[in-house]
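Below is one structure; the comments refer to it alone.
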Amino acid sequence: MKVLLLTGLGALFFAYYWADNFDPASLQGARVLLTGASAGVGEELAYHYARLGSHLVLTAHTEAFLQKVNFLSYVQLTSLALPSLTDSKGSLVVVSSLLGRVPTSFSSPYSAAKFALDSFFGSLRRELDVQDVNVAITMCILGLQDRASAAEGIRGVTRAKAALRPKAALAVIRGGATRASGVFYPWRFHLLCLIRAWLPRPRAWFIRQELNITAAATA
């Protein structure tokens, strides 16, 4: 019975992720306000949306500035855009990080900001549902990106491999276009989040498998 139950749950999980109802034509002529478009996933998103025929408004700031105002900038932009999104029944696509769901070592400030982001938009989604407001919120949980500055920040500290930006950006676009509640890239991050709910305090041995402890201590 347990084997059958696990097999059924596994089949449902894979069907959920491999079901593809993304229609690229739905983004033809769509109006997209894209922040952080000068580098990283934001830059790749701009390229993808342009190829799909969307009308883009791009904004960009230096990375140092974004680190300081990360959470507050999301809140402010959302508050300003929400009336228009409500009228147009639009979507909010929020690019976050696995560190906003699963805390890890040597990333306390960054992880705290991402947890705040996840909590804010989770609460906002419930408020919109209660008020019957048809604005979709898609939370995108991404891993380490292959941007030079991001890789440099954790060089020698983690053994995790960076994801390819073009593929991560396409996963974000698919999720936003289909109004999905969440996007996990790579998809195995969803499993990590589920495991974290079952094992909120993993043993130190498991954590060490992803870290170079000597490098982390001197970082």
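Figures for the structure shown
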| read-out | value |
| --- | --- |
| Pair Phe71, Leu194: separation of 7 Å Cα→Cβ label points (nm) | 2.9 |
| Computed E for Arg51/Ala81 - FRET, C-beta separation, R0 30 angstrom, nearest 0.05 | 0.80 |
| With all protein chains modelled, accessible area of Leu117 [1.4 Å, Å²] | 0 |
| Largest to smallest accessible area among Val135, Val95 [probe 1.4 Å] | Val95, Val135 |
| Alpha-carbon radius of gyration plus Dmax, which is the widest Cα pair, for segment 71-149 in Å | 13.9, 43 |
| Heavy-atom accessible area order for Asp23, Asp87, Asp118, largest first, 1.4 Å probe | Asp87, Asp23, Asp118 |
| Surface per residue (accessible, 1.4 Å probe) for segment 19-142, Å² | 57 |
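The values are calculated or read from the model by the stated rules, or taken from the named source; none is laboratory data. All values derive from a computational prediction rather than experimental measurement. Virtual Cβ from ideal backbone geometry, glycine too; neighbours counted across all protein chains shown. Note: areas computed on protein heavy atoms with side chains; ligands, DNA, RNA excluded. Shrake-Rupley method; radii C 1.70, N 1.55, O 1.52, S 1.80 Å.
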